[in-house]
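Working notes, structure below.
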Amino acid sequence: MTSLNVPVNNPIELSAPPSLQFESVEFNPFGHRLFGPCSFKLDGPGPTLVMGPNGAGKSLMLRLAHGLLTPTEGAVSWSGASAPRQAMVFQTPILLRRSALANLRHALAVNNVPRKLRTELALEALARFGLSSCADTPARVLSGGEKQRLALARAWSLSPAVLFLDEPTSALDPAAIKAVELAVQEFHKQGTRVVMTTHDLHQARRLAGDVLFLSEGKVQEHTPADMFFRAPVSRQAQAYLNGELVA
Ligand SMILES: Nc1ncnc2c1ncn2[C@@H]1O[C@H](COP(=O)(O)OP(=O)(O)OP(=O)(O)O)[C@@H](O)[C@H]1O
């Protein structure tokens with residue numbers, strides 16, 4: 001599923017990626033702390049790969065950043081006067097029960113893209129992700145890889161300044177994984193701030209500019225990717241990279 005929380009008025013405009021800041025962010029939904037307190041800033045070129053063991057709080061961090069969850073304490077802020085245009089792609093894409101083309105047209109409509117531009121932008125995005133022949137195919141009958149490419153095409157059509165991806169390739173075959181990784185690199189090259197979770201160390205090495213490593217709901221380190229993989233600073237990251245159980 002791609003969710004957007006900022007209206008799109010100019011789907012072509014691209015600029016330097018906005019920076020994201022967490023200031024003493026905590027998430028304690030039932031008085032039980034699931035995340036934080038965490039403070040960090042994503043202001044490098046990225047892409048930022050968010051890594052850590054199961055239950056570390058990676059998805060929570062993405063949802064807090066995207067505004068799907070509200071911090072119990074602290075603040076999430078962006079550079080610039082208002083929150084940037086942003087999209088999120090989930091592990092299992094949630095698509096409407098209509099054609100691939102209609103899914104994209106719908107996303108453009110709810111994001112206030114003028115009606116006369118919608119079909120053209122949707123067809124361009126489908127073509128970019130190799131889905132032109134599926135334009136009239138019901139989204140629900142697409143393969144897992146095609147569904148994920150459709151979710152990425154939907155995000156692409158909206159030119160987000162920020163793209164969050166939560167384990168987007170965990171259910172895909174090698175060819176589909178490659179297609180998603182190429183798309184991630186393309187978003188990055190176009191100036192989108194990419195923030196992505198993965199458990200795939202090889203994938204993280206291929207894509208990461210920097211790594212945000214979480215365990216136990218806290219950021220244990222935020223390091224340039226080459227340093228993270230060569231000489232991780234935190235005990236938890238060292239254990240994770242060695243394939244040991246991390247609390
Ligand atoms: N809405 C919620 N209500 C209660 N607990 C939650 C909620 N969302 C997440 N949790 C809990 O918070 C912890 C962190 O979850 P999260 O999904 O962020 O982990 P993760 O690092 O993404 O893990 P994985 O790698 O397994 O996907 C888990 O213990 C999870 O059960």
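Computed from the coordinates by the stated procedures, all read-outs in this text should not be read as laboratory data. Keep in mind that this is a model prediction, so the values were computed, not measured. Every residue, glycine among them, receives a Cβ derived from its backbone with ideal geometry; neighbour counts consider all protein chains shown.
Tabulated results
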{"item": "Extent along principal axes [Cα atoms of the stretch 168-246; Å; largest to smallest]", "result": "34, 27, 24"}
{"item": "Cα gyration tensor category, rounded, prolate or oblate, for the stretch 139-179 with a/c compared to 1.5", "result": "oblate"}
{"item": "Shape category assigned to the stretch 12-135 from the gyration tensor of Cα positions, a/c cut at 1.5", "result": "prolate"}
{"item": "Charged-residue dipole, Cβ positions (Lys, Arg, Asp, Glu), the stretch 114-247 about Cα centre, Debye nearest 20", "result": "420 debye"}
{"item": "Förster-model FRET efficiency, 41 Å R0, residue 234 and residue 116, C-beta, rounded to 0.05", "result": "0.20"}
{"item": "DSSP bridge pairs, the chain: antiparallel proportion in percent, nearest 5", "result": "55 percent"}
{"item": "Those residues of the stretch 78-112 whose amide nitrogen sits under 18 Å from the label point placed on residue 70, 7 Å along Cα→Cβ", "result": "78, 83"}
{"item": "For residue 89, residues with placed amide H under 5 Å, excluding near neighbours", "result": "164, 165, 166"}
{"item": "Footprinting exposure proxy for 211, 110 (fewest neighbouring C-beta atoms within 10 Å first)", "result": "110, 211"}
{"item": "The chain: angle of helix 115-128 to the longest principal axis, Cα-based, in degrees nearest 10", "result": "60 degrees"}
{"item": "Restricting the stretch 182-247 to GluC sites (Glu not before Pro) in coil, as DSSP defines it, with at most 11 other Cβ within 10 Å", "result": "244"}
{"item": "Rough spin-label spacing in nm, given labels placed 7 Å along Cα→Cβ, for residue 99 and residue 41", "result": "4.8 nm"}
{"item": "Contour minus Cα-Cα distance for residue 91 and residue 199 (0.36 nm per residue)", "result": "37.7 nm"}
{"item": "Residue 77-residue 216 pseudo-label distance in nm [points 7 Å out on the Cα-to-Cβ vector]", "result": "2.9 nm"}
{"item": "Residue order, fewest to most surrounding Cβ atoms within 10 angstrom, among 230, 193", "result": "230, 193"}
{"item": "Nonlocal amide H pairs with residue 215, under 5 Å, H built at 1.01 Å", "result": "220"}
{"item": "Length gained when the stretch residue 170-residue 189 is fully extended (0.36 nm per residue, less Cα-Cα span)", "result": "4.5 nm"}
{"item": "Given charges at Cβ of Lys, Arg, Asp, Glu: the stretch 96-212 dipole, positive-most of 142, 198, 187", "result": "142"}
{"item": "Among 54, 31, 69 the positive-end extreme of the charge dipole of the stretch 21-78 (Cβ point charges)", "result": "54"}
{"item": "Spin-label proximity, residue 54 to the stretch 181-215 - amide N less than 15 Å from point 7 Å beyond Cα toward beta carbon", "result": "199-200"}
{"item": "Estimated dipole of the stretch 90-135 in Debye, rounded to 20 [Cβ of Lys and Arg +1, of Asp and Glu -1, Cα centre]", "result": "180 debye"}
{"item": "Dipole magnitude of the stretch 10-158, debye to nearest 20 (Cβ charges: Lys/Arg +1, Asp/Glu -1, about Cα centre)", "result": "580 debye"}
{"item": "Positive-end residue of 163, 233, 93, charge dipole of the chain with Cβ unit charges", "result": "93"}
